[in-house]
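Peer 1: Sharing a structure with you now.
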Amino acid sequence: MSSTSTAAAERAVPERVARASLAHRLLARPELGSLVGAIAIFIFFFVIADPFRQTSSMATVLYVSSTIGIMAVPVALLMIGGEFDLSAGVNVTASSLFAAMLSFQLSLNVWAGVLVSLVFALGIGFLNGFLVMTTKIPSFLVTLGTFLMLQGANIAITKQVSGQVATDNISDMDGFSSARRVFASSFEVGGVSIRVTVLWWLLFVAIGTWILLRTRFGNWIFAVGGNVDSARAVGVPVRQTKIALFMGVGLCAWFMGMHRLFAFNTVQSGEGVGNEFIYIIAAVIGGCLLTGGYGSAIGAAFGALIFGMTNQGIVYAGWEADWFKFFLGIMLLFATVLNMWVRRLAVHPGRAPRASARMQARRQP
């Protein structure tokens, strides 16, 4: 091989390696699979369901997605940190019940009930995190216990206080109108009504992404989810980090509880059961590993969007509602397999392309 050919080959190798490295970085993004899935599902229902193409229908899809996505973000962060919270769904209902009954029974401004219920929801999150870290019992079992306690208390206490399974209507109480503007109002864009939860959803996703990628706390989340012992060895405050993640779930559960309360004026005490699995599924579809240490808030947002499009798309297509769970199962299995493949690329970036580049360099004449 001449010196000129050798020099040309040496220059070509770094270029190919750089292109391969960029491709691997893109493929290794945890939200890639959910993005591809969201695009595919959008095209699918756009083609087969005429109502799906209407802007008002897309506004409904975004609303449904936002009610899942707001909770999917903290659940995703908690899963990246290596834990689960099965009480998230009933905590949403418990927060709204607490605020409604406290305000109504004591004839308080509804904002008093809102703020006290925030303390209550954060307390549930703290309790979950404290018990997990203190007892060393898996979070699945701890939060399952919390789930059962809250589920029973929601119904029993509501019956005891109000004499029925739903709270009293609080729409005529002081502070209701201003609280409704914050948690459950709408605004128009091009003649289409958009719920304010869509904006809150985007804000929570932005905050979650900033925490994960731009803060020390984000590094701690990935560290405790990847390997607790190694994280503790390098000085990561494991206990405080995990408790904070559980409290983050409690914070968003409170927010969604307030949305339900001020959107419907009253709350059914049996609501929320089963929603915790929807939040987890959205996070998994979005790229979070069940083993922790990997995922993103943006991926959880795409997972929630997939949920919203599938949920409403089946209705717009005129199918039986039972098909929703079938599609959800397919998406969950597909996302799990895809996430495993993406994870391998993230752990071993660029290995195959570098070898390929070296082989191609040797073939130069």
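The values are calculated or read from the model by the stated rules, or taken from the named source; none is laboratory data. Just so it is clear, the structure is predicted and the values come from calculations on it, not from any experiment. Cβ placement follows ideal geometry from the backbone for every residue including glycine, while neighbour counts extend to all protein chains displayed. These area figures cover heavy atoms from the full protein model, side chains too; ligands, DNA and RNA do not enter into them. Shrake-Rupley method; radii C 1.70, N 1.55, O 1.52, S 1.80 Å.
Peer 1: Can you say whether Gly286 is touching a Phe, Trp or Tyr at 6+ places or on another chain (Cβ under 7 Å), at pLDDT below 95 and surrounded by fewer than 24 Cβ atoms within 10 Å (Cβ to Cβ), as far as the supplied structure shows? Step through it out loud before you land on a result.
Peer 2: Values: touching a Phe, Trp or Tyr at 6+ places or on another chain (Cβ under 7 Å): yes; at pLDDT below 95: yes; surrounded by fewer than 24 Cβ atoms within 10 Å (Cβ to Cβ): no.
Spelling it out, it is not the case that Gly286 is touching a Phe, Trp or Tyr at 6+ places or on another chain (Cβ under 7 Å), at pLDDT below 95 and surrounded by fewer than 24 Cβ atoms within 10 Å (Cβ to Cβ).
Peer 1: Which ones in the stretch 243-261 are more than 17 Å from Phe120 (Cβ to Cβ) and out of contact with any Gly (no Cβ under 6 Å at 6 or more places or on another chain)?
Peer 2: Result: Ala244, single match.
Peer 1: Take the residues in the stretch 177-193 that are hydrophobic (A, V, I, L, M, F, W, C) and crowded, with 19+ Cβ neighbours inside 10 Å, then tell me which one is farthest from Thr93 (Cα to Cα).
Peer 2: Here the residue is Ala179.
Peer 1: Quick one: which residue in Phe140, Phe126, Phe147 is buried (at least 19 other Cβ atoms within 10 Å of the Cβ) and touching a residue at least 24 places away in the same chain (Cβ under 8 Å)?
Peer 2: Phe147
Peer 1: Of the residues Ala153, Ala112, which single one is closer than 17 Å to Gln268 by Cα, surrounded by 14 or more Cβ atoms within 10 Å (Cβ to Cβ) and either of a type in the set (A, V, I, L, M) or modelled with pLDDT of 95 or more (or both)?
Peer 2: Ala153
Peer 1: So, one more: For the list (1) touching a Lys or Arg at 6+ places or on another chain (Cβ under 7 Å); (2) of a type outside the set (Asp, Glu); (3) modelled with pLDDT under 95, I need the number of the one condition that Val238 fails.
Peer 2: Result: Val238 passes all but (3).
Peer 1: To continue, here is another question. Do you know which residues across the stretch 33-62 are open to solvent by 50 Å² or more (accessible area, probe 1.4 Å) and within 16 Å of Ser296 (Cα to Cα)?
Peer 2: Residues satisfying the conditions are Leu35, Val36.
Peer 1: Hey, another quick one. Could you list, ordered by first residue, the pairs with Cβ atoms under 7 Å in which the first is in the stretch 309-328 and without any contact (Cβ under 8 Å) to a residue 60 or more places away in the chain and basic (Lys, Arg) and the second is in a helix (DSSP H, G or I) and surrounded by fewer than 19 Cβ atoms within 10 Å (Cβ to Cβ), at least 6 apart or interchain?
Peer 2: none
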